[in-house]
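In what follows, a structure is listed as structure tokens, so that the remarks can point back to it.
All of the numbers you see were taken from the coordinates with simple rules; none came from a lab. In this text, all values refer to a predicted model and were calculated from it rather than measured experimentally. Every residue, glycine as well, gets a Cβ built from its backbone with ideal geometry; the counts of neighbours run over all protein chains shown.
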Amino acid sequence: YQHWFKAQKPYRAHYHWIYEPYLVLLKSPSLPLFEERLKGYGFDKNFHAFHLALAGYQFWVLPDQFVIHVNHPTTSWDGPSHHEQQWDSLMVV
């Protein structure tokens with residue numbers, strides 16, 4: 001937070017697995033589409049960021065921009081484990 005707060009110009013953020021930033025993307029024919037088969041808790045946005053990183057996209061932090069996340073009640077997850085979801089989501093249909 002301190003780095004972003006003091007920054008005067010955009011800076012690069014390096015991708016890490018389970019990276020789930022808010023993304024601002026330019027809509028273009030070369031943009032990898034969001035994989036609609038992904039389902040479950042926690043793998044949809046993570047996998048899309050992973051896909052973008054594999055496609056060579058870079059992630060940049062914009063110091064003059066911000067998003068406010070409003071807290072919501074903690075959800076209870078009664079579905080399959082994250083491991084099961086991940087493999088299920090990656091299966092070819």
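Could you pull out every one of the lysines with an alpha carbon less than 23 Å from that of Lys45, ignoring same-chain neighbours closer than 8 positions? Within the straight-line cut-off, Lys45 pairs with Lys27. If the chain linking Gln58 and Leu23 were pulled fully straight, counting 0.36 nm for each residue of separation and taking away their Cα-Cα distance, it would gain 11.5 nm. Once a ≥ b ≥ c are taken as the square roots of the eigenvalues of the Cα gyration tensor of region 1-41, is the result rounded (a/c under 1.5), prolate (a/b larger than b/c) or oblate (a/b not larger than b/c)? Verdict is oblate for region 1-41.
For region 55-75, list residues with backbone N below 19 Å from a point placed 7 Å from the Cα of Tyr1 toward its Cβ? Counting backbone N atoms under 19 Å from the label point, the list is 61-72. Considering the zone a paramagnetic label at His14 would reach in this model (a point 7 Å from Cα along the Cα-to-Cβ line), which residues of region 42-72 have amide N under 14 Å from it? The answer is 59.
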